[in-house]
1. Once the piece of chain linking GLU93 and ARG36 is laid out straight, how much longer is it, given 0.36 nm per residue of separation minus the C-alpha distance between them?
2. Between SER70 and GLU7, what FRET efficiency comes out of the Förster formula 1/(1 + (r/R0)^6) with R0 = 25 Å and r the beta carbon distance, rounded to 0.05?
3. Treat every Asp and Glu Cβ in the stretch 1-58 as -1 and every Lys and Arg Cβ as +1, leave all other atoms uncharged, and give the resulting dipole magnitude about the Cα centre to the nearest 20 debye.
4. Under 14 Å from the Cβ of ALA142, count the other residues' Cβ atoms, weight Lys and Arg +1, Asp and Glu -1, and hand me the total.
5. Let's test the formula: R0 of 22 Å, r as the Cβ-Cβ distance of LEU114 and THR149. What FRET efficiency results, to the nearest 0.05?
6. Could you work out the helix-only [θ] at 222 nm for the chain, with each DSSP H run of four or more residues adding -39,500 (n - 2.57) and the total divided by the number of residues, to the nearest 500 deg cm²/dmol?
7. For THR106 and ALA163 in the same chain, what is the full-extension length gain: residue separation times 0.36 nm, less their Cα-Cα distance, in nm?
8. Just the number please: accessible area per residue for the stretch 115-168, 1.4 Å probe, all protein chains included, in Å².
Amino acid sequence: MPDTGIERILITEEEIARTVARLGDAITTCYAGIDRELVVIGLLRGSFVFMADLIRVIRLPLVVDFLSVSTYGDGTVSSGELRMTKDLEQSIEDRDVLLVEDIVDTGHTFSKVLGLMQARRPRSLKVCTFLDKPSRRTCEVAIDFCGITIPNEFVCGYGLDFAQRYRNLPYVGVLKTD
Ligand code: IMP
């Protein structure tokens, strides 16, 4: 078997499926009776795998859009400056918006992005994250729909990367340290 670079599996495919189903139910219940399509916005690139699964278990009319931001610096530490590298394709003014993230770590990225989105005057703005690492938080973020809370470990797979690799793993794993 080829070396995957993964030391151990933290979240199995089965647990991911159960988590996504639970989030889909909660989001469907929360927005029941919505009078226009829900706008589901994925933060690229990490959220794309989770987004693809999540939208298929939300039983509501919806549209999707994507946003890409990058932080200046080496990519492993969230620095102060945030740059939008891909904007939304559509206006979110007066729309019900669900922002989807792969993981909230320090909370820096999400709180900045939330500020940017709020300035566009959506009717409502809620956040959904697949993973949450609360022990690393330096910027408070109110998470409306949270998948799985994990300890302070660097994880990969199911869309999450290390140096752009491992996004295609169907599970979430912890990297070997060497
Ligand atoms: P924050 O601004 O510190 O909350 O960082 C959020 C971003 O950092 C996420 O969208 C991920 O791209 C990246 N990130 C944070 N922790 C991890 C991890 O354990 N594995 C992979 N990416 C991570």
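1. 19.3 nm is the gain from fully extending GLU93 to ARG36.
2. Here the calculated transfer efficiency is 0.35.
3. The dipole of the stretch 1-58 has a size of about 160 debye.
4. Taking every other residue near ALA142 into account, the sum is -2.
5. My answer for the efficiency is 0.65.
6. Using -39500 (n - 2.57) per qualifying helix, the result is -6500 deg cm²/dmol.
7. This chain segment gains 18.7 nm when fully extended.
8. 52 Å²
The values are calculated or read from the model by the stated rules, or taken from the named source; none is laboratory data. This is a predicted model, so every value here is computed, not measured. Methodologically, a virtual Cβ is constructed for each residue, glycine included, from the backbone with ideal geometry; neighbour enumeration extends over all protein chains shown. Just the protein is used for accessible areas: all its heavy atoms, side chains included, with ligands, DNA and RNA removed. Shrake-Rupley method; radii C 1.70, N 1.55, O 1.52, S 1.80 Å.
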